[in-house]
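One structure is given here, and the rest of the page talks about it.
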Amino acid sequence: MVTTVGTETAFSDLVTNLISLEHDAIAAYDSTIERLSDPELATRVAEFRQDHIQHLNTLQKIATSVNAEIPEGGDMKQWLTTGKIALADLMGDTAILKAMRSNEDDTVAAYDRARNHDDAIPESREFFEHALMDEKRHRAWMEKAAQA
């Protein structure tokens, strides 16, 4: 799935959409943790989920500072991210991790674009850069774990 998050003209819209994206990601992580049969994999995925909660908390603070809307949950994309995990569950842990890896592609793309937004202030750029590094780390681990 390809996300358009990060292409917004208004910075406040970018922040609002990143909040929705993080809600979607957390829901996908919850679904993944619930479905993985290997407890070691589930523990690692739960650690990554915590990164998303931290991202969400930071984004909510940024949203408050720029008077952006703060969604309380994900959007329609949440059905796609969690549905992909549910379908992958039919094929086991490897398929679940591959599905999560593809979900990470969206968060990597979104934060990569967000860090270059014309209206991003230095503090938000620093956060976007940090979040991007987290997402790249998650994606790399998902890929490696799915191949193991």
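Give the residue, chosen from Lys77, Lys84, Lys98, that is modelled with pLDDT under 90, closer than 17 Å to Gly6 by Cβ and surrounded by 13 or more Cβ atoms within 10 Å (Cβ to Cβ).
Lys77
If you take the residues of segment 2-15 that are among the polar types (S, T, N, Q) and open to solvent by 20 Å² or more (accessible area, probe 1.4 Å), which of them is nearest to the chain's Cα centre (by Cα)?
Thr4
Take segment 123-148 and flag every residue that is within 26 Å of Thr94 (Cβ to Cβ), open to solvent by 80 Å² or more (accessible area, probe 1.4 Å), among the charged types (D, E, K, R) and over 14 Å from the mean Cα position of the chain (by Cα).
Lys144, the sole residue that qualifies.
Give the residues of segment 1-31 that are outside any helix (DSSP H, G or I), within 14 Å of Ala120 (Cβ to Cβ) and of a type in the set (Val, Ile, Thr), sorted by residue number.
Once the filter is applied, which keeps residues that are outside any helix (DSSP H, G or I), within 14 Å of Ala120 (Cβ to Cβ) and of a type in the set (Val, Ile, Thr), segment 1-31 yields Val5, Thr7, Thr9.
The values are calculated or read from the model by the stated rules, or taken from the named source; none is laboratory data. Computed from a prediction, not measured in an experiment: that's the story for all the values here. Cβ coordinates were reconstructed from backbone atoms using ideal geometry, including for glycine residues, and neighbour counts include every protein chain displayed. With ligands, DNA and RNA removed, areas are computed over all heavy atoms of the protein, side chains included. Shrake-Rupley method; radii C 1.70, N 1.55, O 1.52, S 1.80 Å.
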